[in-house]
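Quick note: the coordinates plus some simple rules give every number you see, no bench work behind them. Values in this document were obtained by computation on a predicted structure and should not be read as measured data. Because the Cβ atoms are built from the backbone with ideal geometry, glycine has one as well, and the counts that use them run over all protein chains shown.
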Amino acid sequence: MQLFHHYLVSAHPWIPHDWEELWVKDVPAACHKVSAASGSCARDLTSLTTQYPYLMDAMLALAGSHLAVQVENPQTALAVQHRQKAIVGLEDAFANWPPTAEESYIMLATSYLLCFQSSYISDGFLEHFLSLRGCSFLSQLIIDEGFSSPFSTQKGLSMIAMDTAFTKFPEVDQELLQQALLSLKALSSAMTGTGVHPIEKAIVGQLAETLRLLLHSDLEKETDELPKPRDSMLDLFPFANPILPQGFGLAFDSIDWGNITDPTPGAPYPLRSFAAMMVILTIFSTWPHEALMRMFDRTNQLGNVIMAHFCAVRFVLSSLAAPKMALKTPTRATVQWNALIISAVDDDKSGEWTKYVEWPRKILRCMEACCERHKGFTMEDVRSMLLHDPGAFKEGRARRY
């Protein structure tokens, strides 16, 4: 019961931004059905039998890992047991293909829960994106088949909602952005020839676009970049779901690396910057499996350097567009992800790649120092540090306030 309560209060998923009621009411309710013999005692918990046990296991696994990542000596065995049961149950559901409409939504919810749990596991980086690819596959199935949701809270999958953080987007330290862009510029010089995979160019191009759109220009903004908010008291903005296939231009080959720190006229454009970052999720979610695995091959040093930059940029910028619920997310496991990647670069006997991770290493040192001081260091703490002590990132140290 402790894990279930923790899931409801603190650990349930926080995206899309307007799905909270679904995660805390509809999804838990879907785990049970009323026994036919229960009669008028339908509200008695003893009359309930588990309908989708793997969904419940995924909820409890997420809660267990969320708790464990915030303490000094975590007890992870129970979370791992629930995760294993959830994965086995989900695999069994895939083995009984095709699913009904209800089953497809249960499988999608389970995949989302496992995706979120992996972000609290120190070696869960690859599993995070594999689960995200499952979410993408199931979402496409639901859309293509026109399946109706079994949940009382009806949500579309082709569009997601984001809150109004973009209307009050803070100024990002310009020197920090320039350092990141210059690091990518140096890396681009190593990305010539025929041996570079398109996914490597695509990710680097989107990272550069993400950062450059936040540089400040002296020219006025030409247009209002914000879409119209949904008709909702929450004032949410609609975005194309980033885990679904979509067309986008590959930015790498069109980048003027010689002038990469020159701002785009009218910038900053926080919404366009966010969209560029989301394209990377689209790449990980929808590109061929072998392309994804190339980025997670620890013997691929170019891939390691790119992923180190991806993690570093996410540390710096993701908190600025996050909903309030997401700001409570502990960061320690994702810091450990980046540490493993940079360690793989350092282990390369040639030594030729370490010069390309100097900037990501600064970001990592900063995050490690902060997590060492406070095991429960959250995205909200990252946001506060970025706004009040950006020098911590630039100098690779813990915050000073």
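Structure notes:
- Largest GNM mean-square fluctuation across THR329, THR76, THR194, computed for the chain with C-alpha springs under 10 Å, falls on THR194.
- Tilt relative to the chain, helix 379-388 - C-alpha long axis, 0 to 90 degrees, to 10: 30
- Members of LYS185/LYS362; LYS328/LYS394; LYS168/LYS355; LYS168/LYS328 lying beyond 26 Å, as alpha-carbon distances in this model show: LYS168/LYS355
- Per-residue Cβ neighbour rank within 10 angstrom, fewest leading, VAL69, VAL335: VAL335, VAL69
- Hz values of 3J(HN,Hα) by residue in the range 52-59 - Karplus curve (6.51, -1.76, 1.60), Gly and Pro given as x: 10, x, 5, 5, 5, 4, 5, 4
- Solvent-free Debye calculation, one equal scatterer per alpha-carbon of the chain: log10 I(q)/I(0) at 0.07, 0.08, 0.10 Å⁻¹ equals -0.34, -0.44, -0.69.
- Degrees between helix 125-145 axis and first principal axis of the chain (Cα, 0 to 90, nearest 10): 60
- Label zone (ALA95, point 7 Å along Cα-to-C-beta; backbone nitrogen cut-off 19 Å) within the range 111-149: 111.
- Built amide H within the under 5 Å cut-off of THR76, gap 5+: none
- At R0 = 35 Å, FRET efficiency that the Cβ-Cβ distance of GLU145 and THR299 yields, to 0.05: 0.30
- Using 0.36 nm per residue and subtracting the Cα-Cα separation, the extra length available between LYS375 and ALA190 on full extension is 62.9 nm.
- C-alpha long axis of helix 174-188 to longest principal axis of the chain, angle in °: 80
- Length gained on full extension, GLN174 to SER158: 2.3 nm, using 0.36 nm per residue less the C-alpha separation.
- Net lengthening on full extension, HIS388/MET1 (0.36 nm per residue, minus Cα-Cα): 135.4 nm
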